[in-house]
């Protein structure tokens, strides 16, 4: 990729000559991706739906820390495999079977891009002093398209800028909040309620877990020798710190603003900023914060769509034109969803996040259990592109476990459209995400261990040297690596 403006790689293995970066890049990317308004809204939901402010912060912290572990374990796969996240699912689900969770992932990208675009569009309109929602939404989608098409390096650069601006911008807003509102009074006389406390945990965990399907997309260019522990902790720290700071701020805002914040999240923050010039700068901070995570969604959607189409074609990469077409198609669809779905944004977003947990936690459980416990980090990379190869077309163990993992959560759901019978027995507490992690993990470990087809050592792609040193022995998974 060196020497070119637009990234040329897609789902193919990244060779050693193009590996670059350090774990700190993961920290700044995920910090910037989470210091943004949607995370603030997510944190406010805990208070909006009944949690005490202090206990909401504690619950969100527990959820972010726990979900962040799962998310960061996916990130640690990137340097070792040199592949985007979802194509590694072929090792568990089969080349064709991996398409099933991929379809849900694409729906996730559409949903998150659309909901984030609503808020970014509002900020752009406020900055430009225009009223038509379509103006801000279209401008934002156009900028996202350019960044996502240029690709990996530019996305990381935007993440670094967003992390700095997020710290400054939201730090200023926090100071304004404490100096213009009686925040301590909103936290006085805390009361604990088990159901809303678990809702807070679920909101934090759900936020982190939904990053799983694309997190390795942004660590796969790191040198193969990069210590896994370093990648894990840099990713975990960036994501958890960024999310918790934003969500804590959201809790405080919801605690003091109430309905005023619900009516216009972007407008309320602009008013909090004070003078018009400062408010305009805050609107830009909101837009840039949304740029990072929305570019992740657009870029990830291309990876997923490519993984689906190449499962049938057997190709290992696609042309630049196809790459651009996938990105633009996803963004145009998200744009229309954003224009259509602006009303009742807050409630719809809550339900969307919690519903996503139901389909993504079993996938994460299976992927991580296989990679770290069953296959033990040994993958036949050429077979990931061969329907009749080692991993086959469909894997009954993974697919059955996946559907069981989804179904077993239903009695524990606490959704606006459906509340499971066991949830009612628990007083309305939603623990479906915990069930969705534990049951598939145990089930696949027992079943997958018996049907394990992993090679004895990591199998490289023919003609592709993934280590920075061409003379390294790439055939043995037991090769010494830092941090192990």
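All of the numbers you see were taken from the coordinates with simple rules; none came from a lab. Since the model is a prediction, treat every value here as computed from it, not as a measurement. Glycine also receives a Cβ, built like all others from the backbone with ideal geometry; neighbour counts cover every protein chain displayed.
Please work out the FRET efficiency for the pair residue 5 and residue 309, using the Cβ-Cβ distance as r and a Förster radius of 25 Å; give the result to the nearest 0.05.
Numbers: r = 25 Å, r/R0 = 0.99.
Efficiency at R0 = 25 Å is approximately 0.50.
Taking each DSSP H run with n ≥ 4 as -39500 (n - 2.57) and averaging over every residue of the chain yields -22000 deg cm²/dmol at 222 nm.
For the chain, the longest principal axis of the C-alpha atoms and the axis of helix 345-369 are separated by about 20°. Peptides 56-63, 150-157 ranked from most to least packed, by the mean per-residue count of other Cβ atoms within 10 Å: 56-63, 150-157.
Note on residue 263 and residue 324: with the Förster distance fixed at 45 Å, the Cβ-Cβ geometry gives a FRET efficiency of about 0.70.
Each residue in 235, 423, 307 was given a count of other beta-carbon atoms within 10 angstrom of its own, and listing them fewest first yields 423, 307, 235.
Can you tell me the length gained on complete extension of the stretch residue 410 to residue 276, counting 0.36 nm per residue apart and subtracting the Cα distance? Spell out each step's value before the answer.
Details: separation 134, 0.36 × 134 = 48.24 nm, distance 4.84 nm.
Result for the pair: 43.4 nm of gain on full extension.
Name the shape class, rounded, prolate or oblate, that the alpha-carbon gyration tensor gives for the stretch 70-206, where a ≥ b ≥ c are the square roots of its eigenvalues, rounded holds for a/c under 1.5, and otherwise prolate holds if a/b is larger than b/c and oblate otherwise. Walk me through the numbers on the way to the answer.
Values: a/c = 1.96, a/b = 1.31, b/c = 1.50.
Oblate.
Look at [x] 1.01; [y] 0.95; [z] 1.11: the one that is Cα Rg over 2.2 N^0.38 Å derived from this structure is [y]. Judged by the ratio a/c of the largest to the smallest principal axis of the C-alpha gyration tensor, the stretch 155-209 counts as oblate, that ratio being 1.5 or greater while a/b is no larger than b/c.
Of the peptides 98-107, 195-204, the order by per-residue mean of other Cβ atoms within 10 Å, starting with the highest, comes out as 195-204, 98-107. Taking Cα centroids, how far is the stretch 128-168 from the stretch 287-318 in Å? A separation of 17 Å, based on Cα centres.
Please give the contour-minus-distance gain from residue 393 to residue 317: 0.36 nm per residue of separation, less the Cα-Cα distance, rounded to one decimal in nm. Stretched out fully, the residue 393 to residue 317 stretch lengthens by 25.5 nm. Packing-based ranking of 7-17, 22-32 yields 22-32, 7-17, ordered from highest to lowest mean Cβ neighbour count within 10 Å.
Once the Cα-Cα distance is subtracted from the 0.36 nm per residue extended length, the residue 340 to residue 447 segment shows a gain of 34.1 nm. Model label points for residue 134 and residue 403, set 7 angstrom from Cα along the Cα-to-Cβ axis, are 4.3 nm apart. Placing one equal scatterer on every Cα of the stretch 165-277 and applying the Debye formula, the log10 ratio I(q)/I(0) at q = 0.10, 0.14, 0.16 Å⁻¹ is -0.44, -0.78, -0.93.
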